[in-house]
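Computed from the coordinates by the stated procedures, all read-outs in this text should not be read as laboratory data. Remember, predicted model here, so these are calculated numbers, not experimental data. We place every Cβ from the backbone using ideal geometry, glycine too, and count neighbours over all the protein chains shown.
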Amino acid sequence: MALLGVSRRRTFRSGAVAPEVFASLLRSALGRPITTEFREEGDTFGPIHVPADKFVPSFRSSLPPCLLDFDVNRRLWGAQTQRSLQNFDIGGSREKMPEPIVRAFGILKKCAAKVNMDYGLDATIGKAIMQAAQEVAEGKLNEHFPLVVWQTGSGTQSNMNANEVIANRAAEILGHKRGEKFVHPNDHVNRSQSSNDTFPTVMHIAAATEINFKFIPSLISLHHSLHAKTIEFKDIIKIGRTHTQDATPLTLGQEFSGYATQVKYGIDRVKNTLPHMYQLAQGGTAVGTGLNAKKGFDVKIAAAVAEELSLPFITAENKFEALAAHDAFVESSGALNTIATSLMKIANDIRLLGSGPRCGLGELILPENEPGSSIMPMKLMNFQNFQGKVNPTQCEALTMVCAQVMGNHVAITLGGSNGHFELNVFKPMIASNFLRSLRLLGDASYSFERNCVRGIQANCERIAKLLHESLMLVTSLNPIYEQKIGYDKAAAVAKKAHKEGTTLKQAALNLGVLTGQEFDELVVPQKMLGPSD
Ligand SMILES: O=C(O)C[C@H](O)C(=O)O
């Protein structure tokens, strides 16, 4: 198998794969005879063989990973996709262009054909393109999009992958053979377009769609759950902590209201970036001037995409900016970075508050979802006030995701800051990192909500114990100037209690600062939860 991997690399880097070499690789891999067919596709570089095989399905599972990349039944792609496959053997199928981009290409090419028909594209061809593009938009042709992110920085090869697949599929719909170019990838499918405006357009379509239909709903469910805890915990008074040290009291509900508000603001933050995301570059063509597109094409295509997705897309105010910069992505990724920052804080708090079971803070009881330890047997269920060792695994997953999102933001920032002249050529990297951040952060928020937040319980006994042991309740004595206490005497009470291991009340009595009754009237945690009248 290792030999096969090596020979595949050598074959690819030296040019087109000869059909007999490919067939022989498969024969030796499978140890049995197979039928391997290739068809000839061509572009301005000349002819090239595209594997056109239909493998016997049961063979697929026995293929070695190095050949799985090639095992795509009935390949619809053409010459330029095949060249990209051979020239950019970087990362393999795990580094494929994200699916939301492929689907967005389907939407865009469908809308382009629709608008191009208004401008004279043959209706038979236009409709077949629309049908083929719809199949791409629905994810039905995903297997025909094998290219990786690490290709030309304009996304030209993925644009051509879309053009070739749609052209061949449309030709088939019209009863023609693939490769014949009855429907032409450039002249028909890519009509009035350049990769330089299509790729940023699909980036924006994919991002806005994922933000609206997946990411925001996940954050909303997390916000709801945190808000519900705010209400559930509104009467539980606990000790606050500043600098990780004991501080004055607050309610557990107040503490959770901070988390809920962070998430609410996160939703606002990402929504605020959408107006720039809704601006589409389409119609700018190669450098932003719109050469080779008809007047009004840009406005019409943005309207068609808006109608298709029921989102308020518009044509970009300035096509030069839309091609040469991706500030909208840096901005929106900045919002994701902020959300990751918020979620990191929330998840860290929750895991620390849930630390224990005996030797930690233990104020929260986290839901037990799985055995956490392969060696330590203390995995008992929380049962009748007995808290077992519950590893905060959801917090761990979420904080790892947050770290990844912050890293992605650095890559996006570098990509965004490196547009040169009329084109930014970090497009696939920016898009893939952004979509990965959205997906990870959305999924992790949803998982955190479902498997952690909604099941969090307060450990009231522990909370009360820590509250009453705290010396910080003495802070309520500071403002009692009329009774001549104030900061210095209050500090003396706390110090004495700490030194002698007594309660605050005992220390106050021993120092003669207050009577027992006065102490009970003044040091009341319930009265320490907000400003006084
Ligand atoms: O692919 C295109 O349409 C243009 C290409 O990215 C280029 O600017 O050379």
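If you plug the beta carbon distance of Gln526 and Ser417 into 1/(1 + (r/R0)^6) with R0 = 51 Å, you get a FRET efficiency near 0.45.
Rounded to the nearest 20 debye, the dipole magnitude of segment 275-434 is 240 debye, with +1 charges on Lys and Arg beta carbons, -1 on Asp and Glu beta carbons, and the Cα centre as origin.
Residue by residue, segment 409-419 carries 3J(HN,Hα) couplings of 5, 4, 5, 5, 5, 5, x, x, 7, 10, x Hz when phi is fed to the Karplus relation 6.51 cos²θ - 1.76 cosθ + 1.60 (θ = phi - 60°); x denotes Gly or Pro. Annotation: amide H-H contacts under 5 Å for Ile314 (H modelled 1.01 Å from N, sequence separation of 5 or more, or interchain): Gln279, Leu280. What you get for segment 405-533, charging only the Cβ of Lys and Arg (+1) and of Asp and Glu (-1), is a dipole of about 420 debye around the Cα centre.
Quick check on segment 471-527: take the gyration tensor over C-alpha atoms, sort the square-rooted eigenvalues as a ≥ b ≥ c, and tell me if it's rounded (a/c under 1.5), prolate or oblate. Note, shape of segment 471-527 comes out rounded.
Size of the chain: Rg and Dmax of its alpha carbons, in Å, are 31.3, 101.
Distance between the 7 Å Cα→Cβ label points at Ser373 and Glu461: 2.1 nm. In summary, the lysines within cross-link reach of Lys319, defined as a Cα separation below 24 angstrom excluding same-chain residues under 8 places away, comprise Lys109, Lys110, Lys114, Lys271, Lys294, Lys295, Lys300, Lys427.
The HN-Hα couplings worked out from phi for segment 224-241 by the Karplus form 6.51 cos²θ - 1.76 cosθ + 1.60 (θ = phi - 60°) are 4, 5, 5, 5, 4, 5, 4, 6, 4, 9, 5, 9, 8, 8, 9, 7, x, 9 Hz, whole numbers, x standing for Gly and Pro.
Stretching the chain fully between Asn186 and Ser310 yields a gain of 41.8 nm (0.36 nm per residue, less the alpha carbon separation). Ranking Cys395, Leu343, Val202 by how far each Cα lies toward the positive end of the dipole of the chain (charges on Cβ) leaves Cys395 at the top. Only one residue of Tyr446, Ser470, Ser257 has its Cα farthest out toward the positive end of the dipole of the chain, where Lys and Arg carry +1 and Asp and Glu -1 on Cβ, and that residue is Tyr446. Simple spin-label estimate for Thr289 and Phe213 gives 3.7 nm between the two label positions (7 Å along the Cα-to-Cβ direction from each Cα). Need the C-alpha centroid separation for segment 487-533 versus segment 389-456, integer Å. Comparing the Cα centres of segment 487-533 and segment 389-456, I get a distance of 48 Å. For segment 255-284, the residues whose backbone nitrogen is under 13 Å from a point 7 Å from the Cα of Glu331, taken along Cα to Cβ, are 269-280.
Across segment 267-315, the fraction of Cα-Cα pairs farther apart than 17 Å, rounded to a whole number, is 41%. For segment 121-162, the residues whose amide N sits under 15 Å from a probe point set 7 Å from the Cα of Leu174 along the beta carbon direction are 121-133.
Close amide-amide hydrogen proximity is noted between Lys389 and Leu380, each under 5 Å apart and 5 or more residues distant or on a separate chain (H modeled in the peptide plane; Pro and chain starts excluded).
Coupling constants for segment 346-354 follow from the phi torsions by the Karplus curve (6.51 cos²θ - 1.76 cosθ + 1.60, θ = phi - 60°), and in residue order they are 5, 5, 5, 4, 5, 6, 6, 5, x Hz; glycine and proline get x.
So, with +1 on the Cβ of K and R and -1 on the Cβ of D and E, and no other charges, what is the size of the charge dipole of the chain about its Cα centre, to the nearest 20 debye?
Its charge dipole is roughly 940 debye.
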